[in-house]
1. According to the Kirkwood expression over distinct Cα-Cα pairs, how big is the hydrodynamic radius of the range 62-105, in Å?
2. Given labels modelled 7 Å from the Cα in the Cβ direction, how far is it in nm from SER34 to LEU9?
3. Extent of the chain along each principal axis, from alpha carbon coordinates, in Å, largest to smallest?
4. Relative contact order of the chain, please, whole-number percent, based on alpha carbon pairs below 8 angstrom and at least 6 residues apart.
5. Roughly what angle does helix 95-104 make with the longest principal axis of the chain, taking Cα atoms, 0 to 90 degrees, to the nearest 10?
6. Work out from phi, with θ = phi - 60° and the Karplus expression 6.51 cos²θ - 1.76 cosθ + 1.60, the ³J(HN,Hα) of each residue of the range 28-41, listed in order in whole Hz, and give x for Gly and Pro.
7. At R0 = 25 Å, how high is the FRET efficiency between ASP61 and THR91 if r is their beta carbon distance? Nearest 0.05 is fine.
8. How large is the accessible surface per residue of the chain, computed with a 1.4 Å probe and reported in Å² as a whole number?
Amino acid sequence: PAPEPHAELLFDAAACYFPITFTPPPDNPHGVTSELLTSLLASALAAHASVVPHSAALALDKLGGSSDAAKRAAADLVSELARRHPAALATVPQLDAIGDQLYRD
């Protein structure tokens, strides 16, 4: 996809929260869960095809880490990228490495 002028800004605004490490308070009056926030963040990181290269690189980085929670979140992010922007994901240079990491874990 053609680069969008604000793709990197959108990515930077959302990526700093990845992966979500939220634990709801015991009383949790609004019903916010870690799963909900993780899903919404993945949606933000897959908001436009022009963000896919940035998000794929982030996913690869987290897939290579030691945190199981980060690896799960990264796998979910790759799934969201594939669901929403398969053509854009197919063109990222990290695709083979992402596949290798997913296969290993």
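1. Its Kirkwood hydrodynamic radius stands at 10.7 Å.
2. 3.3 nm
3. Dimensions of the chain along the principal axes of its Cα atoms: 45, 34, 21 Å.
4. 28 percent
5. For 95-104 against the chain, the angle is about 50 degrees.
6. Per residue, the Karplus-derived 3J(HN,Hα) values read 5, x, 9, x, 6, 10, 4, 4, 4, 5, 4, 5, 5, 5 Hz.
7. Using R0 = 25 Å, I get an efficiency of 0.85.
8. Spelled out: the 1.4 Å probe surface of the chain, per residue, equals 60 Å².
The values are calculated or read from the model by the stated rules, or taken from the named source; none is laboratory data. On a predicted model such as this, the values are computed, not experimentally measured, just so you know. Don't worry about glycine lacking a Cβ; one is built from the backbone with ideal geometry, like all the others, and counts go over all protein chains shown. Just the protein is used for accessible areas: all its heavy atoms, side chains included, with ligands, DNA and RNA removed. Shrake-Rupley method; radii C 1.70, N 1.55, O 1.52, S 1.80 Å.
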